[in-house]
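These notes concern the structure reproduced below.
Since every read-out is calculated from the coordinates, none of them should be taken as a lab result. Just so it is clear, the structure is predicted and the values come from calculations on it, not from any experiment. Neighbour counts run over all protein chains shown; Cβ positions are idealised from the backbone, glycine included.
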């Protein structure tokens, strides 16, 4: 009996140490894109396996299940945005950078990806009454973005209380932009709320 146990353990160890037969990062990227485009509930396991170009056994061994994979994709989506907000500014003034960030979301002809909205906002809306834990996780990521907005607003001269209020306003603006991306608005209709919001912010700070 002990010999069998030893053999079983050896098999498990060998299986765990076996190198992946696919690019995990690439497969994860495909899954993120699919979840972003279709949402959590409309994305089936069959869809994921096809998009990720891996076997069912590799999927379970590497990612566990659909929900665990979705959480990883959600976290990665948030990390990408937060990293861009924190590193892409360069030597731009904080308000100029924030305005450019928002204008970048509404400038140019809408494309397919632009009409997907924001994965975080989509998840809050889709899962609020279905899986509150997933909705709350996405909401937490949006709150982290608001923290970044507030940091830049304080740097621009807003006091802590004003930064919180204006940061909350920018967060709602961001969410509204993502939801309205599914509407067929002109570029002027999409740009105007951004211009108005930053005119009010600059007046409030200066």
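A few remarks follow.
- Footprinting exposure proxy for 116, 36 (fewest neighbouring C-beta atoms within 10 Å first): 116, 36
- Computed from the C-beta positions of residue 68 and residue 185 and an R0 of 41 Å, the FRET efficiency is 0.65 to the nearest 0.05.
- Full extension of the segment from residue 45 to residue 125, taken as 0.36 nm per residue of separation minus the current Cα-Cα distance, would add 26.6 nm.
- Tilt relative to the chain, helix 2-17 - C-alpha long axis, 0 to 90 degrees, to 10: 40
- Model label points for residue 53 and residue 206, set 7 angstrom from Cα along the Cα-to-Cβ axis, are 5.1 nm apart.
- For the pair residue 76 and residue 192, a Förster radius of 22 Å applied to the C-beta separation gives a FRET efficiency near 0.10, rounded to the nearest 0.05.
- Sorted fewest first by neighbouring Cβ atoms within 10 angstrom, 95, 166, 45, 125 come out as 45, 125, 95, 166.
- Crossing angle, helix 94-104 versus the chain [Cα axis fit, 0-90 degrees, rounded to tens]: 70
- Entry for Cα extents along the principal axes in Å (calculated from the structure that is shown) out of (i) 51, 42, 34; (ii) 60, 42, 35; (iii) 78, 36, 34: (iii)
- Gyration tensor verdict on the range 77-167 (Cα atoms; rounded if a/c is under 1.5, prolate if a/b is larger than b/c, oblate otherwise): oblate
- Cβ crowding within 10 Å, taken as a proxy for footprinting-reagent exposure, orders 52, 169, 119 from fewest neighbours to most as 169, 52, 119.
- Seen against the Cα atoms of the chain and their longest principal axis, helix 160-180 is set at about 70 degrees.
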